[in-house]
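Everything below concerns the one structure shown next.
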Amino acid sequence: CNLKYKMFKKLAILKYLPNKFQIISSGDYVICAVSKKKISLENLNYWNVKLQEAYFSYKEASQRLHDINQK
């Protein structure tokens, strides 16, 4: 069996707070706002509190910050 697909069963809805997140609707993953990749909650390390967005890695977080600063 493929463990990659087992991990992503239900989309979670989160409220992103400074240094933590609150689970509004339980699930096991969220979607990256930039790359649209699925991120398991246990691997979620990057998000933006103001925009309420999750990012797959520091690369996507940096890209979003760059895009916002260009406006």
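Screening region 12-68 for residues that are assigned to a strand (DSSP E or B) and of a type in the set (Val, Ile, Thr) and picking the one that is farthest from the chain's Cα centre (by Cα) gives 24.
If you go through region 62-71 and keep only what is surrounded by 11 or more Cβ atoms within 10 Å (Cβ to Cβ) and of a type in the set (D, E, K, R), you end up with just 64. Among the residues making up region 1-41, those that are exposed (fewer than 11 other Cβ atoms within 10 Å of the Cβ) and either on the phi > 0 side of the Ramachandran plot or at pLDDT below 95 (or both) are 1, 2, 3, 4, 5, 6, 9, 19, 36.
Can you find a residue that is touching a Ser or Thr at 6+ places or on another chain (Cβ under 6 Å) and either of a type in the set (Phe, Trp, Tyr) or open to solvent by 80 Å² or more (accessible area, probe 1.4 Å) (or both) anywhere in region 49-61? Even if it seems obvious, please write down each step before you answer.
Pass one, region 49-61, residues touching a Ser or Thr at 6+ places or on another chain (Cβ under 6 Å): 56, 60.
Adding the requirement that they be either of a type in the set (Phe, Trp, Tyr) or open to solvent by 80 Å² or more (accessible area, probe 1.4 Å) (or both) leaves 56.
The answer is yes, given that some residue of region 49-61 is touching a Ser or Thr at 6+ places or on another chain (Cβ under 6 Å) and either of a type in the set (Phe, Trp, Tyr) or open to solvent by 80 Å² or more (accessible area, probe 1.4 Å) (or both).
The values are calculated or read from the model by the stated rules, or taken from the named source; none is laboratory data. As the structure is a prediction and not an experimental result, all values here were calculated from the model. A quick note on method: Cβ atoms are made from the backbone with ideal geometry, for glycine too, and the neighbour counts reach across all protein chains shown. Areas reflect the complete protein model, heavy atoms only, side chains present, ligands, DNA and RNA absent. Shrake-Rupley method; radii C 1.70, N 1.55, O 1.52, S 1.80 Å.
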